[in-house]
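Okay, structure first, notes after.
Bear in mind that the values in this text are calculations on the coordinates, not laboratory data. Small disclaimer: the values here were computed from a predicted structure and weren't measured. Note that each Cβ is placed from the backbone with ideal geometry, even for glycine, and that neighbours are counted across all protein chains shown.
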Amino acid sequence: MKKYIYLDHAATTATRPEVVEAMLPYFTENFGNASSVYELGSRNKEVLNKSRETIAAALGADATEIYFTAGGSESDNWALKATAEAYEKKGRHIITTKIEHHAILHTCEYLEKRGFEVTYLDVDADGRISLDELQAAIRPDTILISVMFANNEIGTIEPIREIGAIAKEHGILFHTDAVQAFAHLKIDVNEMNIDMLSASGHKFNGPKGVGFLYIRKGVKIRSFIHGGAQERKRRAGTENIPGIVGMAKAVELAMANQDETLAHIKETRDYLVDRIMKEIPYTRLNGHKDLRLPGNANFSFQFVEGESLLIMLDMEGICGSSGSACTAGSLDPSHVLMAIGLPHEIAHGSLRLTLGEENTKEEMDFVVEKLKAIVQRLRDMSPLYEDFIKKSQAK
Amino acid sequence: MYSEKVMDHFTNPRNVGELENASGVGTVGNAKCGDIMRIYLDVDDNQIIRDVKFKTFGCGAAVATSSMATELVKGKTIYEALQVTNKAVMEALDGLPPVKVHCSLLAEEAIHAALWDYATKNNIEIPGLDKPVNDISEHEEEEEY
C-alpha cells in the first residue's frame, strides 16, 4: 500500500488497534441487547454504564448526563432542535456564531424557517467572538447560546469559560459543539458552565458512527429519536455497544497521557508552522496564533488555488484539506475564512493541515520541502503571481 | 474524481508560460470564484496561431482545460480557433465532473478574449467573435477610474 503522511486529523482519525480490540467481542460473543432480561443481554447494561462513566469523568460530568448518539451532527441537531422546542414558550431567540460547523448553521437555518430568530455573532480576524457583542445580543427571549469550543478549520479556541459565565448570569442555556475539542483540550463542564456539549468518537481515534451529547441534569430537552426507552428515554434505538465501548476506550487512552500527547502534537505543529512561515513567502497563518487546537495549522498561500495544491500534495502522499470553493463544489470559499475577513482569492488558497500523535518532525520536513516546490510551481503558473511580480518590478 | 487525461494535463500542463510581444492576450474569470485564465497568442502573417501560452489560477480542472485549449488552437487559423468550443475541450479531456463544467467555459472565453485582443490590435473583424465580457483587467481599470 502507498505510504501516506496523514495530516487531516480534523476530518477523521484512524481507529486505534486497542480500540478495535476492545470492540471486537461486542460484535460476536457479547452481542446481546442491553435491554434484554437474560444475562447475555443485560450484562451489557453494565458495559454501557462503565463507558458512560469513563466519558463523564473526562468532562467532570456525572455518568447520567452522557447520552450516546450516532455522532457529532446528531448531537448538534438534537441539542438545538429539541431545546428550541422545549423552551419555545420562554422565547424563540438563539445566539450562535458565523463560524460554526454546518451541523449547527444548517440546523439554525431550519429553525429560522420555523419561526425562531437566530443571531449569528461575528468573529475577529483571529476567529474569536467578542464577549461584548454576545452580551449585547442577549434578549429577554433568548433561550440558547451555542458557540463551538474550537473551530474545525482554523483551530481557534473560543472563550468558552467566559461565555458560560455570561449564559449562567442571564439564565440562558449554553451548548458547545466540542467535536474538535473533546479529548484535545481540557474541558470541565462545571467550571465552564456548559449545559450541553456535542462530541464525536472518530475525531479522537475512536470509531465512526458514534458520539454523545452531554446534557446537564435539569435541562429540559425532548427526545429527538422516538421509540424505546434507551438513554433514559431520551434517545431511542438499540445501543451501538461496540461503538460505545470503542469510544470509551479511545477516551481512556486519550486521557491517560493527555498532557504529554498534546505537548508532542503542539511541538510538531509549531515546528511545521515555523518552517512554512519562514520558508514560503506570501503566506498567511489563519486562526489565532496561540489560542488554537494543538494539532491545527491553516495557511493561505497567495496566488495559489487550494484544490490544485491538494491534488499535488496527494501525489506526494500527503493528505490535507482546503477551504477553497472548488473542494466544496460551490463558488464561495469557506464561510469561516470569509468570516475572519479574508479576501476571496486568499481564501481560495487555503490549506489546512491537522496533526495527530503519530506525526513526526521528519514527516514535517518532507511536507515543507514538497510544499515549497508545489507552491512555487503553482505560482509560476498563476496569472495573479505574474501580475504581482510585474507590479513590484515596476515600483 | 478526474479522468486520466485531466490528471495528465494538470500534472504536465502543455504550453504554460507567457509570450513576450504576444499578438493577443486575453484574461478571463475572477479571483472571487477562484478561477483566472490568461491566454497569450502569437499569430503569424497568415493568421495562423504559431504559438500559444497560458497561465491559470484555479483548480485541477481549470489548469487542465487551459492546457487542452492551448493544444487545440495551436497551429490553427484564428477562424478555426474560434470554433474550439468548451464542449470540444471537455471531450478532448474525456469529460469533467459536473461542478467543473464552468472551467471549460472559461477556457473557451479565454481563447475568445485573446482573439478579440488580436483582432482589435490589428483592426480586423473575426465573424462570430463578440467582445469578451469577462476580462478582469477591464474591471480593474474601471475600478481605478
Please report how far the C-alpha centroid of the stretch B:44-120 lies from that of the stretch A:164-218, rounded to the nearest whole angstrom.
52 Å
Among beta bridges assigned by DSSP with both residues in the protein assembly as shown, the antiparallel ones amount in percent, to the nearest 5, to 65 percent
Interchain or long-range residues, amide H under 5 Å from A:Ile318's placed H
A:Ile5
Taking 0.36 nm per intervening residue step and subtracting the Cα-Cα distance, what contour gain separates A:Arg232 from A:Glu267 on full extension?
8.4 nm
Euclidean distance of C-alpha centroids, the stretch A:23-52 and the stretch A:247-295, integer Å
37 Å
Per-residue Cβ neighbour rank within 10 angstrom, fewest leading, A:Lys90, A:Lys81:
A:Lys90, A:Lys81
Separation between the A:Thr64 and A:Met255 pseudo-spin-labels, each 7 Å from Cα along Cα→Cβ, expressed in nm?
1.9 nm
What's the FRET efficiency of B:Lys121 with A:Ile389 using the Cβ-Cβ distance as r and R₀ = 22 Å, to the nearest 0.05?
0.35
How much length is gained if the chain between A:Lys98 and A:Ala136 is pulled fully straight, taking 0.36 nm per residue apart and subtracting their Cα-Cα distance, in nm to one decimal?
12.1 nm
Once R0 is set to 35 Å, what does the formula 1/(1 + (r/R0)^6) return for the Cβ-Cβ distance between A:Arg114 and A:Lys278, expressed as a FRET efficiency to the nearest 0.05?
0.10
Can you flag which of B:Lys53/B:Lys74; A:Lys203/A:Lys361; A:Lys372/B:Lys32 are past 20 Å Cα-Cα?
A:Lys203/A:Lys361; A:Lys372/B:Lys32
Inter-label distance, nm, simple model (7 Å from Cα along the C-beta direction), A:Lys220/A:Ala86:
0.9 nm
Excluding residues fewer than 8 positions from A:Lys89 in its own chain, the lysines with Cα under 21 Å of it are A:Lys81, A:Lys113, A:Lys168, A:Lys217, A:Lys220
To make sure I understand, if each residue's beta carbon is the centre and we count other beta carbons within 10 Å, what order do A:Phe224, B:Phe54, A:Phe27 fall in, fewest to most?
A:Phe27, A:Phe224, B:Phe54
The local net charge around B:Lys76, scoring Lys/Arg +1 and Asp/Glu -1 for residues other than B:Lys76 whose Cβ lies under 13 Å from its Cβ, equals -3
Arrange B:Cys103, A:Cys319 by Cβ neighbour counts within 10 Å, fewest through most, would you?
A:Cys319, B:Cys103
Which entries in the list A:Lys289/B:Lys55; B:Lys76/B:Lys131; A:Lys278/A:Lys395; B:Lys55/B:Lys87 go over 32 Å, if you measure between the two C-alpha atoms of each?
A:Lys289/B:Lys55
Non-local amide H neighbours of A:Gly209 (under 5 Å, H modeled in plane, Pro and chain starts lacking H): which ones?
A:His202
Where trypsin sites (Lys or Arg not before Pro) fall in DSSP loop in the stretch A:273-326, at most 14 other Cβ within 10 Å:
A:Lys289
Inter-site label distance for A:Asp290 and A:Ala125 at 7 Å from Cα along Cβ, in nm:
1.8 nm
